[in-house]
Structures are given as structure tokens and as C-alpha cells.
There are 4 protein chains.
Amino acid sequence: MPETMLAVVKPEARAGVELRDVAIPSFGPSDVLVRVKVASVCGTDLHIYNWDAWAQRRIHPPLIPGHEFCGEVAEVGREVTAVKPFDFVSAEMHVACGECFQCRIGEAHICQNVKIIGVDSNGAFAEYVVIPESNIWKLDPAIPKEYASILDPLGNAVHTVLAGPIAGRTVAVTGCGPIGLFSIAVARASGATQVFAVEVNEHRRKLAEKMKADLTLNPAIDDVKARILEATDGVGADVVLEMSGHPDGIRTAFDVVRRGGRLSLLGLTSKPISLNFSEDIIFKGITIQGINGRRMYETWYQMTALLKAGKLELHPVITDRLAMRDFDKGMARLKTGEASKILLYPNGVK
Amino acid sequence: MPETMLAVVKPEARAGVELRDVAIPSFGPSDVLVRVKVASVCGTDLHIYNWDAWAQRRIHPPLIPGHEFCGEVAEVGREVTAVKPFDFVSAEMHVACGECFQCRIGEAHICQNVKIIGVDSNGAFAEYVVIPESNIWKLDPAIPKEYASILDPLGNAVHTVLAGPIAGRTVAVTGCGPIGLFSIAVARASGATQVFAVEVNEHRRKLAEKMKADLTLNPAIDDVKARILEATDGVGADVVLEMSGHPDGIRTAFDVVRRGGRLSLLGLTSKPISLNFSEDIIFKGITIQGINGRRMYETWYQMTALLKAGKLELHPVITDRLAMRDFDKGMARLKTGEASKILLYPNGVK
Amino acid sequence: MPETMLAVVKPEARAGVELRDVAIPSFGPSDVLVRVKVASVCGTDLHIYNWDAWAQRRIHPPLIPGHEFCGEVAEVGREVTAVKPFDFVSAEMHVACGECFQCRIGEAHICQNVKIIGVDSNGAFAEYVVIPESNIWKLDPAIPKEYASILDPLGNAVHTVLAGPIAGRTVAVTGCGPIGLFSIAVARASGATQVFAVEVNEHRRKLAEKMKADLTLNPAIDDVKARILEATDGVGADVVLEMSGHPDGIRTAFDVVRRGGRLSLLGLTSKPISLNFSEDIIFKGITIQGINGRRMYETWYQMTALLKAGKLELHPVITDRLAMRDFDKGMARLKTGEASKILLYPNGVK
Amino acid sequence: MPETMLAVVKPEARAGVELRDVAIPSFGPSDVLVRVKVASVCGTDLHIYNWDAWAQRRIHPPLIPGHEFCGEVAEVGREVTAVKPFDFVSAEMHVACGECFQCRIGEAHICQNVKIIGVDSNGAFAEYVVIPESNIWKLDPAIPKEYASILDPLGNAVHTVLAGPIAGRTVAVTGCGPIGLFSIAVARASGATQVFAVEVNEHRRKLAEKMKADLTLNPAIDDVKARILEATDGVGADVVLEMSGHPDGIRTAFDVVRRGGRLSLLGLTSKPISLNFSEDIIFKGITIQGINGRRMYETWYQMTALLKAGKLELHPVITDRLAMRDFDKGMARLKTGEASKILLYPNGVK
């Protein structure tokens, strides 16, 4: 066991990160030290990198970011029984308090006191990361490492898609970032009869097509509402998954959801959204769901089962593979709008 | 059978109504002619009376308004089998098309082609009204006429309250017009453990107290969020029923609903509503429901059963009883903000 | 239009049928006369043919049986608006009363007064059949006629599979007659991660394999419970669909459903079934559903959408195609246990 | 702190118990030592006392039984943070493993590896009992001690009643032991419009009347099915709660549940139950639920909220109050069939 490790560090309250050699973290009796094999980059990491308004409020440097990864158990605390060294694992990075009302009724994904590893404490953009035993998710070695590193955002997609009935229904996805793209795959695997992908960025639309969306629409050109009504005999989409967080995407989501349909919101917004409640919600009798994180641990079981059954083909979403040392390159790629999910390898791309 | 009847008529596109003697309406083979015993006044009727922007768009005079009533069957079309003369009845005034997707899957309350009697065709502010047999609701004579005349708005309340689990849960009602007040009674009868009533109008707050709300709050004075958090061990209300349609009421609704809670929207808005989707909906993981009309006819069964069982004490809501000839007086009473539900008697108050 | 037609007739209270030329049926103002293109044979038809105890109680000869079919509209009653001659149609053969409690709350599939065309009145084993307009299901011409003729039993499967969440779950099907086989396809299309087929008949097991069950088990040889526990990490099947109606199949169903799982019963029984309620139901906390018919008309929409999307490959189930004149041959084939779904062509196989 | 305590002990594998002075139990770092204020007697305790077949299989003497109680925290292990000495508490006595599939998806009440304190390890029929911190339920001092001692069976009733919609529905309870009687109160408080109590024992029927059942029926005399159909316009009961575990009670439950209704089973059976699946379950399209324990900890929140709101009047069920030393008398009272819930006071009745 070495004494230091490579880590991506946000050293202080400003844009950018530094690559540093830092001490391998210590861990408690119920913690697990994991050797990171592959980590992946979330939009949140770009916010932290850019040091935008959200990051300035939420992040307390110094911090090692990163909350999507897979790895191998290196060492375990003395009370740990669920895993042992060399087990292949990922983790739920939302650490719930276990004591609030929501935790006690099985809704830990909306814990009142949640802390996120990689946001509120040191995360996975390093050679090693510490995870509480309760949050470790042990993986079947049959699951490819690349998929194992993206279970956090895939879990968001699974949580959103399966938050209501989906088989035999039409689904519109507004916004085709990685979670939107994953949602296309999950919806198709779950019996959606048509999946409509709405996305203004050309690169993402091409990925939506690769994910086998039945109809990919560009709101800058297409009359999205008219096209979806046409494809659904004038009814509208049974289920809409809002993944953009953008006012235009949200407007489209309300426009295309059918009377009595489900509209599940996951894309985080940075501006206030204005709605006509009477026309948009009440007369249509729709149900709107706020979706946060992943259900602990029902979503993880569902996701693992879908992956093991070979129901999800996710490779198109993984557009870039970089050595973790090239973190800055990854950020630059994201800013071009050409990259979707970027994988980082602590020991170089293999 | 007389040849003419008294009716409240909106004669043309301007404010006000006229009292006229008009022909008793003719009816088809599957229609029922009902002798109105008691009708009641909805906020919608005030919009029509005032000839506001909504009314100008929706209403095509001449029209007899009125969509809340009870009465006695006078005559039936030759194909009618469900009722006979002298039966005591009310009616669902939303006439669904029966052929659209929503109608065919049991969601007729959000029919794509709904027509409302009293809004889109002649209604119940008259001595007689014509109702299709399919929409007639036969009543047990044990149900008091006063309650029988307000089943339409009571049904809104029952539909809203019972749109999710309620027993053992805390409930906040924002806006205490008649439907909000009814909701207090229905929530209490259905096992809500605390009902919080939020209302700025003093008369309505007093009625909320008479309806036995556990805590009645005045947002002009009280810190509503703090008070509800205090009463719920810091959790917030499990269920919020938004009955005001006012931006302040809606703001309160989002503020007080707990993480993972249900927010059911019934109050119609006249202005755009602005929200912070991330904070208000997504991180909290709430579910928002648009509630329209009454489920056909599940809500009617539930409502009738609750009334027959004596579970609902609604008298405080009925503040005024007028002869139908005094319709203008009723409108004036509503404008003062002192009246809640006003009953109209075609043949004078008894 | 001819005056007579070929029909399969149960002429009186005894085993067997006769092929007869009978008058083309008359129809009322809201009825549709359909020229049958393809009909298919249900186990019920074999009961009627054999004149077993159930048939003796339920059937009142003379009767033309047959309740699975597709065809072309020949003529329509004067009040019919939904279809016109030459439209391609099938039909829901459960004619609900429309007036009972269940019908009025959207549960017409369990109507108190249901009549079944082909059981309680003349059905589709003829060149023409009369269907009430309300029960006609208009079909997209893109749907193959062979599939269009089996929508009734396919609808049973869709109703059963989609009576609860299915994506990301393991499913066991006990009994692989046609509806069991269809269920395998529907479960797979709806995101089931493993489908276990349990069937003692070798021909049916082969069909289950062709339907791509993940694991096909023979209870005469295999330790079904042990195999399913092994395949599910000791948990058991999340969802069990009981399609056999046989005591052994039902026993297996209770044995393999996991704690908290769903057990949906469709297979009709001819003998009393004995259970240990404490061990089989209560301690395991399972949910058992009785499934009857198809939801009107939600199941029909779901089924049509799945078919149009190409999600269901059903051809292996169709083992025999016969001229309707060869009805006796079809019955003989069923008795061998080698046939699954048999199609009948009034004008000869094409 | 004394060194010994009074305890009711099943000393070895035979009928009866002994009263003994035993050492106050030691406890671990995450355990809570509770001074028992009031305990109450469950039917299970009578099985253990009588040493019947079930007890012989399940119980390993020596054992202190007792799993219903309230008390005051005496001491806490060094890692305990949720409670402190003198807190008023009760406890969930099902200790779930926390690691099985059911525990990890929020279904700990059907944990694969559950252990029950008072059945599998020493329980509450003593002056002190040890409870893991995770299972302690802290109580508002406003809740009466008598009610606090019966939360375990009251929780069974709350879990059963609230396992589906109840407001506006009719409810039949078959079997009026303590949990059946509690269910009457919970159903009424939750908006049931009629509650039918079916019970053959006269003492229990009188208690059902005191609990304000709308109709109490004696199956030895009354035509239960006819009476319930009559009271429900021929429909049957929307919800049936089977609390007897007796073949006759179960037969009645299936007879009176309406088409599409819910039948929740809690009463444990000692004999096989025979059903006609086609007629009893499938054609009626009913849903059957096995109910076990209490949801952790949603049921506890619901129950506490209902009690604090004063929605439940339970005193009629408490028929006997005894000093714990008089345990044998309690058993004798249960055998007469006259007693319902018996409270035991370690330090004498106060």
C-alpha cells in the first residue's frame, strides 16, 4: 500500500483544479477504502470546476470532487462485513442520515440531512476514495467496468423512468445530456412503445439516434408539439421526462404531455420557470414528479438487474476516455458540447 | 306542466343577467327534464356575471348559467331507464364525449371534448334543466336538499382530498373558499391528523374554524411556514391542497409541503406562476397533481357514502339562502367577501 | 350480400358441433355486422365442444361459439358513427352492462352483469358476427391479421403482466398455454430481467423456449423452487403469473414468489385449492390478484401500441391454421396437447 | 439500580411459566435498557404458555416472553444517541437484519432473517428489557401509558387498514380479537363509511359494538353475506380485513368482498384453507394482501399521529389490568374467551 495518491483537487475558492499527490485517506471502523478503477464526469463537476454561483454557495475547498466511479475494495474497517478486499464495487454517494422522517419511512433519497461524497466531502477523482459500508454497492464481476463507473447517473435515469408505469406507453425525453440519453435506453427496455427525444444540440441529437430514439426532434427547427401529437393520434405523450432544466425544454415538456399524463422532472434549473397552472396542470389533470437521486436501494437492484440481463446498450453515451491526469482536457471537451459522458482512469486509459 | 319557466339569463355579451320567463326546454330520447329544487352559486357564475376576460372567451350568450343543483325528475325521454318522474337527483355537469382516449380508459373527468352544462349550454339557474341520462346522479331521499345542491363543489373537494392517501397524515389547505372549506371536512373525516387552514380573508378564516380546522393561519400576520413546521416536528405537511389559485397561496403551498409530500392543485389561476423547480420540486421529491372536476363516477359514490354515513358537517359553508329572483343580491354578497356558498330557490326560500 | 352463412353450431345439449348454413344475423341500430376474416380457438371452446360440467351449467344451445377474431365491417346500424364498412376491426367480447357499480367506476372488466359474445350469445365461428358499436376495436391495417385474431387472449396476457410494475423484475410464468406463452413475450417487452417458464408438457416447453424464456423448467424433473431461487440470489421471483389453473402450478406459484412479491392469477381452476395462509401469504406479505378479461379499454390501447411498435413476436404460439370447416380437426389437435393457438379461416386458409 | 428483577419465565419445554428473580440483562453499545411500565398480552403468549405445536417448533426455553410494552429508558449503551434515560418509549419488536433484499428496498417488515424479541430472545414480561437503539420508538409523554403498551397490535391494525384506500369505503372485519377491534376504530377514523363486524363470540361482539361498528353480525345466527349485501346496495364490502384465521371467518371474507375489492389477511391460520380460485378470486378480480407486522417505521408514524390527534378511542378493548405476578390469572381469563387485551404491571396495577 502506497502512502500517497494522485488526486484532482479544488484547492481554493476559484475556478479550475490542481493535480496533486495527497495522503491516502484514513477511514473509520465502518468504512471501506476503494481503489478507483474508473471515474466519470458529471455536469456538477463542471459547475465546481467553473466555480459558478451554485458552486460558490455549496462547495468548501479544499475538496476532491467526483461522485461517479467503480473500483476494487483495498481495505475495510474492522466492523465491515458486507465486502472484503478485491471485491468489485460502486457506491451510492448520497449519504443519508438514517434518522430523519424520510429516512425512517424508506425515502432516504430525499433525506433532510443528506451529504454527498464528492460534493460535501472528498470524492472519487483520485486513486482511492473512502465510502461508508452502508453505501457500498457490490457488483457482479460480469458488469463491464465502463458501465460500473456510470451507475450514479444511470440510476438517475432508472429512478426517473420507473417512477410510474412505462410499458405500452409513449415517452418524450426533453434534453439529451447523459441522463437523458440513458433514459432513452431504459424506457425502451421497459416497454415504451415510442420514445421521442427533444434536443437542440446536434451532437446530442446524433447520440439520441444512436440510442434508438424513435423520433429525434430539434426544437430550433421542428414543431415539436405538432410532431408528437401527430405520432400519438393527437393524444400527446403518456410520459415526459424533463432532463434539460432549461426553460424551453420545460415549456416543451408541459406542451407535449397528454391529459392525465406523467411529467417527471430531473433536470436542475438555474432560472425561475413560469407556468399557467390552470392550462398547464389543472385542466390537463397531469401528475408532476420531482426526481432526486436514486431510491436506496431499490433503484440499484433494478439497474443491476437490467444491466446483467443485457437490456441496456449504453456505449454511445461514453464519448471520451481520458487519463485522470488529463482532467482539464475533459472540462474543455464538455464546454464544446461535443462530449457526453467522459470516463477518467487514475492509472491511464486501458 | 307549465309552458314557461323563470330563468336567470345572460342575454348578451355584457355584464349582468336578466330574469326572464322562457320556454321550458325540449329534450331528447335519452334526456331527463329536472325540476330544480335548489341551485347553488359557484365562483364561475360570478365570472360570467361580471363578464371578465375568461367569460368573454368562453361564454356564448344567450345562456342560462348554473351547474350546481338538485331537483326532482319531471319527465324522461323515451329511452331513459335509470330514473323516473319524482326521483330525487343531482347531476355531473361535465358531459364527456365517451370516445376520446381519456374517456375510453376511465379518465372521463379529463375528456378532451368535455362540455359543461351551465357554461357551454343552458344550466340550472331556472325552474327546469335538461340533463343526459348518463350524467344523472340519483340520490337517496335521506340526503338533505341543501347538501344535494352542492355536490358539484363537494365532489371537487372529495376528488382532491382522496387523490392520494390521507389517513394518519397532516394536511394544509391554502385558500378557504367553499371547496377549500369542504376539503377541511373531507380531510378530517378521512383520518387527517391535523388540518391547517391558510386564508387571508377574515370571514373565511372564521368559517375554517367552524369547519374544525386544527390551526387556522392568516398569512398577512402569521409566519405560515414556521407555524406548520412547528406543528409537524419540522417535517412540513404531508399533503397540501391548493384551493386559492392565488400566487401567494401557491407560494405557501410549495413552502409547507414536506419532502416527498403531495401537492394537489385545484384553485384556478389568472396569472402566470413562477417557481424555482430545483428547490421547490426536484430536491424535495414532491408529487404535484392537477385536479379537475370529479371522477366519473367514483367520486360520486365516495361522496354519497360519506354523506349518508353522516361523516360530513357542511352547514357552516352555506352562508346565504335566496330566492332565485334575487340573483343580483347574491352576486353583491359574493363581492363583499362575506358570503361563502349561496343557495338559490326557484320558488322562494323554504 | 348473401342471405346465409357458414357457421359452427352447438345445436343442442351434447358433445360436438355441427357445420350449418344459417341466416346472416340481423342487427340493431347501434350494432356492427362484421365479416370474419380469421377466428381463433380458446380453451373455453374446447369445454363447450366437449360439453363438460362447466359448459352444461353455462351454455344454452343452440349457440355459435367463438370469441376471438378479426374481420372487416360489412354493415353498420343507423346510429353507428365509430366505424364504417371495410374498416378492419376486432372486438372486446365481454359486453358490460354500463350501469352497475363496477362499470360506473371504470372497472367494467368485472361488471356484475357481463355477457360474453360466443358464450352467452352467438359468436365468431361463422362468416359474420354482430358486435355492439361500443365493443368494436378499430385496428390499424398495419397489424397482421393473424395477430388481430388473437387480441382477446393476448389482452389477457397484457392485462396480467401490466397489473403491476414489471421492468427490472424477475417473472415466473406457471403454465404455458397460449396466454402463458403470450405473457412471456409481454414480460420480456416490458423490461422483465429474467422470465422463468414452468410447464410439464414438452410441446409447450419448446414453445416457451421459442418465446425466449430465460429458463424453462419441467416440474416433473426439475426442482423448480431451487432453480428459481438459485437464479435470483435466493430471493425468489418478484412477479408470478399463474396461467395453469392446475393445483401443481398454483403450488409452484406460491413457492417461488418472493416475500413482498406479486402473484397474479388468471388460469381457471376446476378443483378446490388448499393453502397454508400463514406461510403462503401472510408471513411472506405477498399480494395476490385475480385477473379477469381485459381492462376496457386501457388494455386494448396498451396491446395495440406494443404490437404497432413491433415489441411482440408471437408467431411461435400459432401452431395450426385450418379452414373453419375443419373445426373438428382443430378440437382433435388440441386434445393431443401438441397444438397451442389454432386459427380458423371461414373461407379457407390463405 | 437493582441487580435482579422479576420476570415471567418459560423455563423449559412444557406448558406454563414461572415467576422468577433473574439478573437484570446486560446490553451492548447500541442497546437500550428499558424499565417496563406496562406490558400487554398477545395471543402468541398464550400459545407459548400452552406449549402448543407452533410453540414447540419455534420457542427455545428458557425464555422471557412478551413483545408488547411501554417503559422508561433506564440506561443506554455508549453509542446510543436517539434516546436518553427517562425518555418514554415503546419498541418495534421485529428486529430486521438490515442486509437482505427486503430490508434494502424498504420492506423490513418482511425481512428474510427477522428475529422477534419476546419470541426468539428475552422479551418484556419482566421489570427490564433490552432493545436495540434502531428499534426504539420514542413517545410523546402525552400518549397514555395504557395505549403506549399496545402499540404493537395497534400497529398491526393500522398496517392492515391503511394498506389501501379506505375513505368513502365500506369495511368488513371478520374476527374481533384485539386487532380486529382496533381495526374497527382505525377504519372509522380513516373515513370508512360503514364498518361491519363479524364475530361468533358474544363477549367480542359486545366489544365490537362498543368500538362503534355500524353493524355487528353473529355468523351462528345471521346470514352474514345477505346482511352485508343488503347494507351495500348488493355490491359487497369494498374492503375486508380478515382477523380470525379461522376457516369460517376466511370463508365469510371471500363471500362478502365485492368484485374488485381488497381482502387483507392478518389472522394466522392453524389449518389449510380451501378455496375455489375461479369463483373466489379470479372472476371477482379481487386483490388479496398478506399483512405481517408493521411497516418500519411508517406505520409507527401513522399510529402515533392518529393517537396524538385523539382519533382513536381504544379503551373498550382493554378488559383486564393485572399485576405481572398474576400472569397465570391472565392466561385463565384469556381461555374463558371473556378477556380481550390484558395489561400487566410489573410493579402492580396503578
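The values are calculated or read from the model by the stated rules, or taken from the named source; none is laboratory data. Nothing here was measured: the structure is a model prediction, and the numbers come from that model. Cβ: placed from backbone, ideal geometry, glycine included. Neighbour counts: every protein chain shown. Side chains are part of the model used for accessible areas, which takes the heavy atoms of the whole protein and leaves out ligands, DNA and RNA. Shrake-Rupley method; radii C 1.70, N 1.55, O 1.52, S 1.80 Å.
The residues listed here are A:Asp238, A:Asp280, A:Asp255; of these, the one that is touching a residue at least 12 places away in the same chain (Cβ under 8 Å), over 30 Å from C:Thr232 (Cα atoms), away from chain C (no Cβ under 14 Å) and in contact with a Lys or Arg (Cβ under 6 Å, 6 or more places away or on another chain) is A:Asp255.
Inspection of the stretch A:327-338 identifies no residue that is in contact with an Asp or Glu (Cβ under 8 Å, 6 or more places away or on another chain) and either within 14 Å of chain C (Cβ to nearest Cβ) or among the hydroxyl-bearing types (Ser, Thr, Tyr) (or both). Exactly one residue out of C:Ala172, C:Ala163, C:Ala185 is in contact (Cβ under 8 Å) with a residue 60 or more places away in the chain, within 13 Å of chain A (Cβ to nearest Cβ), of a type in the set (Gly, Ala, Ser) and crowded, with 24+ Cβ neighbours inside 10 Å: that is C:Ala185. Could you grab me the full set of residues in the stretch C:283-302 that are β-branched (Val, Ile, Thr) and within 14 Å of chain A (Cβ to nearest Cβ)? Selection gives C:Thr299 alone.
If the condition is being closer than 18 Å to D:Met243 by Cα and in contact with a Gly (Cβ under 8 Å, 6 or more places away or on another chain), then the stretch D:300-322 contributes no residue at all.
Number of residues in the stretch C:97-106 that are part of a loop (DSSP other than H, G, I, E, B) and over 17 Å from B:Gly98 (Cβ atoms) equals 1.
For the stretch C:44-66, the tally of residues that are small (Gly, Ala, Ser) and open to solvent by less than 40 Å² (accessible area, probe 1.4 Å) stands at 2.
Here is a yes/no grid of residues against (1) within 14 Å of chain A (Cβ to nearest Cβ); (2) open to solvent by 10 Å² or more (accessible area, probe 1.4 Å):
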| residue | (1), (2) |
| --- | --- |
| D:Lys115 | no, yes |
| D:Gly123 | no, no |
| D:Glu133 | yes, yes |
| D:Lys138 | yes, yes |
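B:Pro144 meets the conditions (1) at pLDDT 95 or above; (2) away from chain D (no Cβ under 14 Å); (3) closer than 20 Å to B:Leu343 by Cα in every case but one. The failed one is (1).
Note on the stretch C:258-277: among residues that are among the hydrophobic types (A, V, I, L, M, F, W, C) and within 23 Å of the chain's Cα centre (by Cα), the one that is farthest from the other protein chains (Cβ to nearest Cβ) is C:Leu263.
Exactly one residue among A:Asp233, A:Asp222 is over 26 Å from the mean Cα position of the chain (by Cα) and at the interface with chain B (Cβ under 10 Å from one of its Cβ atoms), and that residue is A:Asp233.
This table checks each residue for (1) closer than 17 Å to A:Lys335 by Cα; (2) part of a strand (DSSP E or B).
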| site | (1), (2) |
| --- | --- |
| A:Pro25 | no, no |
| A:Pro29 | no, no |
| A:Val34 | no, yes |
| A:Asp45 | yes, no |
| A:Tyr49 | yes, no |
| A:Gln56 | no, no |
| A:Pro61 | no, no |
| A:Gly66 | no, no |
| A:Cys70 | no, yes |
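Given the condition under 20 Å from the mean Cα position of the chain (by Cα) and under 30 Å from B:His159 (Cα atoms), answer yes or no: does some residue in the stretch A:295-310 qualify? The answer is yes; a qualifying residue exists. Among residues of the stretch A:212-235 being part of a helix (DSSP H, G or I) and without any contact (Cβ under 8 Å) to a residue 60 or more places away in the chain, the one that is farthest from B:Ile281 (Cα to Cα) is A:Glu230. Scanning the stretch A:202-224 for residues that are among the polar types (S, T, N, Q) and open to solvent by 40 Å² or more (accessible area, probe 1.4 Å) yields nothing. Among the residues of the stretch C:303-325, those identified as charged (D, E, K, R) and either at the interface with another protein chain (Cβ under 8 Å from one of its Cβ atoms) or within 27 Å of C:Arg205 (Cα to Cα) (or both) are C:Lys308, C:Lys311, C:Glu313, C:Asp320, C:Arg321.
Where residues in the stretch A:3-22 are open to solvent by 70 Å² or more (accessible area, probe 1.4 Å) and closer than 20 Å to A:Val129 by Cβ, which of them is modelled with the lowest pLDDT? It comes out as A:Glu3. If you check D:Ile250 against the conditions, is it within 8 Å of another protein chain (Cβ to nearest Cβ) and in contact with an Asp or Glu (Cβ under 7 Å, 6 or more places away or on another chain)? Yes: the conditions hold for D:Ile250. Here is a check on your reading of the model: is C:Glu99 free of Cβ contacts under 8 Å to residues at least 24 places away in the same chain and either away from chain B (no Cβ under 14 Å) or open to solvent by 10 Å² or more (accessible area, probe 1.4 Å) (or both)? Against the criterion (free of Cβ contacts under 8 Å to residues at least 24 places away in the same chain and either away from chain B (no Cβ under 14 Å) or open to solvent by 10 Å² or more (accessible area, probe 1.4 Å) (or both)), C:Glu99 qualifies. Residues in the stretch A:132-172 that are farther than 21 Å from D:Arg104 by Cα, charged (D, E, K, R) and not in a loop (DSSP other than H, G, I, E, B): 2 in all. Would you confirm whether or not the stretch A:195-207 contains a residue that is farther than 24 Å from A:Thr336 by Cβ and within 14 Å of chain C (Cβ to nearest Cβ)? Checked against the condition, which is being farther than 24 Å from A:Thr336 by Cβ and within 14 Å of chain C (Cβ to nearest Cβ), the stretch A:195-207 yields at least one hit. Applying the criterion of being part of a loop (DSSP other than H, G, I, E, B) and among the small types (Gly, Ala, Ser) to the residues of the stretch D:72-96, the residue that is most open to solvent (accessible area, probe 1.4 Å) is D:Ala82.
The stretch B:241-350 holds helices (runs of 4 or more DSSP H) entirely within its bounds, and those carrying 3 or more residues that are open to solvent by 10 Å² or more (accessible area, probe 1.4 Å), more than 22 Å from B:Arg188 (Cα to Cα) and not small (Gly, Ala, Ser) map to B:247-256, B:327-336.
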